Amino acid sequence: MSSHRISPEQFESYVEEALATVPEEFRRYLENVVIAVEEEPSDEDYDETDTPDDVELFGIFRGVPFFDRMTQVSSLPAQIAIFRGPILRSCATRGEAVREIRDTVVHEIGHMLGLGDEEMPY
């Protein structure tokens, strides 16, 4: 089945399923983190991540990494945003989209914990 037939509600349920598969030792760090599904990344998201304009951005962590929160104060809650449009455009099937959602959720949790792109498996 084509990934383009995934409704916004189904997409959000796949994000929730991906979060449920995160091991408990990492899930506890998500207690005060907003997980949002957004249709498209903003220009600021591209600038913040140094992502070239011709590359699809699947997700972003916005905020202060967990282990830096003692030294940096922010009035905004930390947020992980998963971008529906880029994931659906880049995945041909529902199965591919579900895997990409899971990989993106895990990747952004890694950023929240202070890991750089080069330190993560995907």
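Values in this text are rule-based calculations from the coordinates and carry no lab data. All values derive from a computational prediction rather than experimental measurement. Reconstructed Cβ throughout: ideal geometry from the backbone, glycine too, with neighbour counts over all protein chains shown.
Structure above, values below:
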{"quantity": "Segment Ala36-Asp68, extension gain: residue separation times 0.36 nm, minus the distance between their alpha carbons", "calculated": "9.3 nm"}
{"quantity": "Gain in span if fully extended, Val22 to Thr93, counting 0.36 nm per residue against the direct Cα distance", "calculated": "23.3 nm"}
{"quantity": "DSSP bridge pairs, the range 17-122: antiparallel proportion in percent, nearest 5", "calculated": "40"}
{"quantity": "3J(HN,Hα) from dihedral phi, the range 33-41, Karplus parametrisation 6.51/-1.76/1.60, rounded to Hz, x for glycine, proline", "calculated": "10, 7, 9, 10, 9, 10, 5, 9, x"}
{"quantity": "Net charge dipole size for the chain [Lys, Arg +1 and Asp, Glu -1 on Cβ; Debye, nearest 20]", "calculated": "580"}
{"quantity": "C-alpha center-to-center spacing [the range 30-44, the range 73-107] in angstrom", "calculated": "9"}
{"quantity": "Amide hydrogen neighbours beyond the local backbone of Ala36, cut-off 5 Å, H modeled", "calculated": "Ile80, Ala81, Ile82"}
{"quantity": "Mean Cβ count within 10 Å, highest first, over the residues of peptides 19-25, 39-45", "calculated": "39-45, 19-25"}
